[in-house]
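Scroll down for the structure; my scribbles are underneath it.
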Amino acid sequence: MVEAAREVRLEAGGPLKRPRVQKNVTRSIASDICADIFPVGSMLPTENELCVRYGVSRTVIRESLKILASKGMLRSRSRVGTQICEKEEWNILDQQVLEWIGPRIFELDLLQCVLDARRAIEPYAAELAAERASFQEIADIENAWQRMSDVEGDVTAFTQADVAFHTGLLKASHNQVFMQLSSIISAALEFSLHASNEAVETRSEALDVHRALIEALRMRDKAAARDCSQRMLAIASRDLAIAMRKQPKSTTA
């Protein structure tokens, strides 16, 4: 159970934090790792020091460290301690990891990486979907587009519908790998789409090309579907560049 914490400062950084539940403790440690309070390659403080810092029992600390290790952020070394793993080892497609990274997602260039992956996958997935999608799958994609249109002024709701559109497109390809990817990358896709959607004042251009893709699917026009997907990605690239330029210097340096 949670223990009363003393007001102390540790050399590793900052005033004592007092998370009250397991989830908050895990988030606090992860946030300190992402903020380089505990730098990559360094060793975490001892369990006792972490207990004092976060105001919890050793049992809670141990459970939190297990969670972070399962996400590739920590590595336990026998008789040495717990080391912060290189960022390349982190499970960056995990929704919690993305949330912990927070604003530093721009600094780590993760959104550009997501865009690169989309460029490699989505145009061909769109082409396959034009050939293979069922009428119901096309209807589901159109329903996601309609939700996007209805909530255009609400970036969060628009992005959620946008994610449904793109994951629906991957599923409609009937390629088993793409279908699996639709669930694996959904969290990273949401972060990427939100950044680009938020960067612009109007999303009418994106809505138009999404609608054109639906028509290409309905007409079974593979070339048009690929072209629409490539146009979407060009818009996303432009808007992501705008989003990155808007970031404070401290998070992009």
Quick P(r) readout (segment 140-253; Cα-Cα; 10 Å bins; whole %) gives 14, 45, 32, 8, 1
Applying the gyration tensor rule to the Cα atoms of segment 87-174 (axes a ≥ b ≥ c; rounded if a/c under 1.5, else prolate if a/b exceeds b/c, else oblate), the class is oblate
Here the gain from full extension of Glu86 to Lys246, 0.36 nm per residue of separation minus their alpha-carbon distance, amounts to 54.9 nm
The size of the Cβ-based charge dipole (Lys, Arg +1; Asp, Glu -1) of segment 73-182 about the Cα centre, to the nearest 20 debye, is 620
For Ala157 and Ser237, extending 7 Å from Cα along the Cα-Cβ vector and measuring point to point gives, in nm, a value of 3.3
Under the helix-only model (-39500 (n - 2.57) for each DSSP H run of 4 or more, divided by the residues of the chain), the mean residue ellipticity at 222 nm, to 500 deg cm²/dmol, is -20500 deg cm²/dmol
About its Cα centre, the chain carries a charge dipole, from +1 on Lys and Arg Cβ atoms and -1 on Asp and Glu Cβ atoms, whose size in debye to the nearest 20 is 960
Computed over the chain, protein heavy atoms only, probe 1.4 angstrom, the accessible area per residue in square angstrom equals 51
Filtered pair list for the chain (Lys only, Cα < 23 Å, 8 or more apart or interchain) has a length of 9
With every protein chain kept in place and a 1.4 Å probe, the residues Glu63, Glu127, Glu198, Glu88 fall, from largest accessible area down, as Glu88, Glu198, Glu63, Glu127
Protection proxy (average C-beta count within 10 Å per residue), highest first, orders 184-195, 48-59 as 184-195, 48-59
To the nearest 0.05, the calculated FRET efficiency linking Arg119 and Ser57 through their beta-carbon distance, R0 being 35 Å, is 0.15
Candidates for Cα extents along the principal axes in Å are [x] 66, 36, 29; [y] 61, 35, 31; [z] 52, 49, 35, and the calculated one carries label [x]
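The values are calculated or read from the model by the stated rules, or taken from the named source; none is laboratory data. Just so it is clear, the model here is predicted, and its values are computed rather than measured. So basically every Cβ, Gly included, is an ideal-geometry build from the backbone, and we count neighbours across all protein chains shown. When the accessible area is computed, the model is the full protein with side chains, heavy atoms only, and any ligands, DNA or RNA have been set aside. Shrake-Rupley method; radii C 1.70, N 1.55, O 1.52, S 1.80 Å.
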